[in-house]
Amino acid sequence: MTAPSNRTKPLALAAVLAVLLGGPASAGHMDTLGSPPPEPVPGTFGDPTHFTEAGGEAIYVSVCTGCHMPGGRGAIGAGAYPALAKNPKLEAAGYPIAIVLHGQKAMPPLGDYFSDQQVADVVNYLRSHFGNDYKDPVSAEDVKASR
Amino acid sequence: MSEANPPPLTRRHLLSLIGTAAGSSAMYMATSSLGLAATSDYAGPIKLEGDAKGTSILILGAGLAGLVAALELRKAGYKVTVLEYNDKIGGRNWSLRGGDRYTELGGFTQECRFDKDLYLNPGPWRLPYHHNAILDYCSRLGVALEPFVQVNHNAYVHVSKGFGGKPQRYREMVSDFAGHTSELLAKVTGQNQLDEAVSKEDQEKLLAALKGWGALDKDYKYQAGTEASERRGWDKDPGGGLSAVPVPSTPVGLSDLLNTNIWQFVATGIQNNYEMQTPLFQPVGGMDMISRAFGREVGDLVRLNSKVTAIHQTESGVTITYQDTKTPGQPLQAKADWCLCTIPLSVLSQIDISVGTAMKAAIDAVPYASATKIGLQFKRRFWEQDDRIYGGMSYTDLPIQQIGYPQHGIFGKGKGVLLGAYVWGPYSFEFAALPPEERVRKAVEYGAQIHPQYPAEFENGVAVAWHRRPSNLGCFGVWTDEARTQHYQDLCQIDGRILLAGEHASYIPAWQEGAILSSLDAITRLHQRVLAGATSHSQRATP
C-alpha cells in the first residue's frame, strides 16, 4: 500500500533535510515570513488521528525527529532520547518494532497512529541509515505479528 | 399543644428527609448547598499535627507538587531541601514573556519578543471553579485571579472542507444542532413513538421542554424566525428608532452539521465536560504568578540547575546523586531521612532509583502525551476589533486545532498575543518535529484560513512542543484503565523512604489540581509514617 523507503522521493526531502540538518542550534527570529518556506514532507499534517506520511525517510523526518533529532543524534535533558545513529540495539529488528508499537518509558506507544507498513518502513530506514547497516529488512507482516 | 409539636427540625433530620424523598443525588446536592459535603477531594488547608522533630526530606522537582510539599512540610517542622532541574521554579506552571529565552532539546533556542504585559502560558492556562485546592492556594498566597472565558458563543468553529471553508460562529452551530435534534425528538414524541419511555402526561412536558431547549416555534419546527434567531442571532440585530426591525437568520440544515463534521465542535464534551464548565479562572499576569508566589514562600529551600542522576535508599535514609548543570564536574550528593520525588515519569523512568519492582514497573508504565502550544503576537487585536471575539477559543479541523484568544488586556488598543495553536495527537508530534520557527510559520499559515488578518498583522511567535522541553520529555502522564488497575496503587505507595507525587500520581492528570492533591495525599501519609517511626525510634533509644 505505502511505498517502501527506497522508493521515497529523495529530491523532495532534500530541502527539508538541509534545513533540519543545517545546525544543532537555530536562533529564534521568527518574524521572517518573507523567506521561502521549505518543501514540506509529503503527508505531513494529513490526519488528526493517524500519520499519513509514506516511506521510512518521510516518517522519520516528519515524526521521529521531534525527539530523536535530525540525523538520529538523540538528545539529553533531565532524561534522554537515545541516539539512533550507530545504535547496536537496532540489530534485532523486533526490538525497534516493539518500541515503536508499544512504547517504553519516555517513548510513547505509536502503534495506533501507524499502519504495519509504515512501522516496517521506518524501522527499515533506521536500520539502514545513520551509520546502521543491517541487511535484513522487515515486512508489514513482521509488524502485524508484533501488535 | 406542646406534645403535638414535632421536635425542632435539625439539619441532619432535614437531610434524612430529603434523602428519603428524593434519592441520593438530591441528598448530595442539598448537603453541598448546606456546606457539609465538599464538591471535590480537597478538604481545606492541610493540618500536619504532631512533632516532626526536624525530620529531613529531599523533594525532587519544584513544580506545584514539590512546592506545595515544601511549604507544608517546612511549616510542620521538617528540614526541607528541593532539587530542581530547571533554572527557575514552577515546572509546568510556566509563562513566556518578552525577553525570555527558551532552549529546547536539540539546542533550538527561541527568544520571546512579546511586548510588555503580553505572555503565553505554554502549559496549564485555566483553573476550573471546582479545583478547590489550587484556588485555595491562590487565595492563601495572594495570587489575584480573573475570569477565564472558556465558552465564547461568538468565537468560531471551522471545518476546512465544509461551508466553503468559512468559519462559522459557535453560537449558530450549537443552536442549530440543539434545534434540529429537538425537532426530531419532538416529532417522534408527537407520534407517540415514545410510549414505553415516556408516560402520556410526561409527553406534554417533554414537548414543552424540547420547544424551549431547541428554540422550536409553535409548530415544534426549528426554522428561520424569531425563536431560532433569539438563540442563534439575527441577520440584522434588533435596533432602535426607525431602523429597529430585526431580520431573522436562517439555520443551516442538520445534514450540513453532520456531513461536514462541524458537529464535533458543538455536540461533544469539548465545551461541556465538567472541567470546562464555567466559570474558570486564570492568574492575573500569567500562570506562573502561582509558582512565583510559592517562590516567595519557599524559594530559599530550592537548589536550581540540579539534575538528579540517582535516587538510592537504605533502611535509614535516602541519598540523591545529582549534577549541577551550570558547572558540570564531580557528581554531588544530598542525604535526608525521606525523599518525595515529583519528577515526571518520562524522566524518572530513566533515573537509577532503588525502589521495589512494583513501584519501578509503575514508573515505567505511563507514557506522556504530546502537546504543542504556539503563541503569536499581532500588531492589533483584530479578533476583538473586527470579529468581536473577546476571549474564549475557536476550534478547527486544521492542524492548529484551537485558537485561544487572550483573556488579558481585552479591549486594549495595542498589540495582542493569542494562542495560535493548541495541538494534541499526531499533529502535535509533527509540529514537534519541525524547528520552532517553522512551527510558528505553519500556525500563521493555517490560522490565516480562519482569520485572514493574520499575514498583515503578525509580528513574532514562540512555539513549545512538550516532548522537547528538557525537564519534561512530554506533556502529562497518560493512564489507560488497564494501567491504572495494574500500577496506580503501586505508584502511590510509600516505598521504604521514597514516595512520589505529581499529576501523574492523581486521577486528574494534566491538571495542576491533580499535582497538588497528589502532593497533599502523599505528605499526609508520610507525616503519619514519620510520627509512628519517631515513636518507635525513641523507644529503641530507651535502654
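The values are calculated or read from the model by the stated rules, or taken from the named source; none is laboratory data. Since this is a predicted model, take the numbers as computed values, not measurements. Don't worry about glycine lacking a Cβ; one is built from the backbone with ideal geometry, like all the others, and counts go over all protein chains shown. Areas reflect the complete protein model, heavy atoms only, side chains present, ligands, DNA and RNA absent. Shrake-Rupley method; radii C 1.70, N 1.55, O 1.52, S 1.80 Å.
Assorted remarks:
- Subset of the stretch B:377-394 (residues that are within 9 Å of B:Ala155 (Cβ to Cβ) and open to solvent by less than 10 Å² (accessible area, probe 1.4 Å)): B:Trp383, B:Ile389, B:Gly391, B:Gly392, B:Met393, B:Ser394
- Some residue of the stretch B:489-507 being open to solvent by 20 Å² or more (accessible area, probe 1.4 Å) and either within 20 Å of B:Gly123 (Cβ to Cβ) or within 14 Å of another protein chain (Cβ to nearest Cβ) (or both): yes
- Long-range neighbours under 6 Å by Cβ, at least six apart or interchain, first residue within 8 Å of chain A (Cβ to nearest Cβ) within the stretch B:460-483, second buried (at least 24 other Cβ atoms within 10 Å of the Cβ) and hydroxyl-bearing (Ser, Thr, Tyr): B:Ala465/B:Thr372; B:His467/B:Ser370; B:Ser471/B:Tyr85; B:Leu473/B:Ser346; B:Gly474/B:Ser346; B:Gly474/B:Tyr368
- Sub-6 Å Cβ pairs linking a first residue in the stretch B:71-95 that is closer than 18 Å to B:Leu473 by Cβ to a second residue that is open to solvent by 40 Å² or more (accessible area, probe 1.4 Å), at least 6 apart or interchain, are B:Leu83/B:Arg303; B:Glu84/B:Leu304; B:Tyr85/B:Lys307; B:Asp87/B:Leu304, ordered by first then second residue.
- Selection status of B:Tyr395, within 23 Å of B:Glu172 (Cβ to Cβ) and either part of a loop (DSSP other than H, G, I, E, B) or within 23 Å of the chain's Cα centre (by Cα) (or both): yes
- Among residues of the stretch B:199-233 being part of a loop (DSSP other than H, G, I, E, B) and out of contact with any helix residue (DSSP H, G or I) (no Cβ under 9 Å at 6 or more places or on another chain), the one that is nearest to B:Ala267 (Cα to Cα) is B:Ala224.
- Taking the stretch B:49-89 as the range and being acidic (Asp, Glu), under 18 Å from B:Lys307 (Cα atoms) and open to solvent by 20 Å² or more (accessible area, probe 1.4 Å) as the test, only B:Asp87 passes.
- The stretch B:92-101, residues that are open to solvent by less than 20 Å² (accessible area, probe 1.4 Å) and closer than 21 Å to B:Asp521 by Cβ: B:Asn93
Conditions (1) part of a helix (DSSP H, G or I); (2) in contact with a Gly (Cβ under 8 Å, 6 or more places away or on another chain), marked per residue:
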residue: A:Glu53; (1), (2): no, yes
residue: A:Val63; (1), (2): yes, no
residue: A:Lys89; (1), (2): yes, no
residue: A:Tyr95; (1), (2): yes, no
residue: A:Ala98; (1), (2): yes, no
residue: A:Gln118; (1), (2): yes, no
residue: A:Asp121; (1), (2): yes, yes
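- Qualifying residue in the stretch B:322-344 (condition: under 16 Å from A:Gly77 (Cα atoms), within 14 Å of another protein chain (Cβ to nearest Cβ), touching an Asp or Glu at 6+ places or on another chain (Cβ under 6 Å) and not in a strand (DSSP E or B)): no
- Residue match in the stretch B:395-410 (condition: at pLDDT 95 or above, under 16 Å from B:Ile450 (Cα atoms) and aromatic (Phe, Trp, Tyr)): yes
- Looking across the stretch B:355-370, the residues that are part of a helix (DSSP H, G or I) and open to solvent by 10 Å² or more (accessible area, probe 1.4 Å) come down to B:Thr357, B:Ala358, B:Lys360, B:Ala361.
- Near pairs, Cβ below 7 angstrom, 6+ apart or cross-chain, from the stretch A:100-114 (facing chain B (nearest Cβ under 7 Å) and without any contact (Cβ under 8 Å) to a residue 60 or more places away in the chain) to any residue that is of a type in the set (D, E, K, R) and surrounded by fewer than 18 Cβ atoms within 10 Å (Cβ to Cβ): A:Lys105/B:Asp364
- Failed condition for B:Lys373, given (1) surrounded by fewer than 20 Cβ atoms within 10 Å (Cβ to Cβ); (2) more than 14 Å from chain A (Cβ to nearest Cβ): (1)
- Subset of the stretch B:278-306 [touching a Pro at 6+ places or on another chain (Cβ under 7 Å) and open to solvent by 10 Å² or more (accessible area, probe 1.4 Å)]: B:Pro279, B:Phe281, B:Met289
- Sole residue being over 24 Å from B:Gly90 (Cβ atoms) and touching a residue at least 12 places away in the same chain (Cβ under 8 Å), chosen from B:Asn261, B:Asn272: B:Asn261
- Looking across the stretch B:376-415, the residues that are within 14 Å of chain A (Cβ to nearest Cβ) and not β-branched (Val, Ile, Thr) come down to B:Leu376, B:Gln377, B:Phe378, B:Lys379, B:Tyr395, B:Asp397, B:Leu398, B:Pro399, B:Gln401, B:Gln402, B:Lys415.
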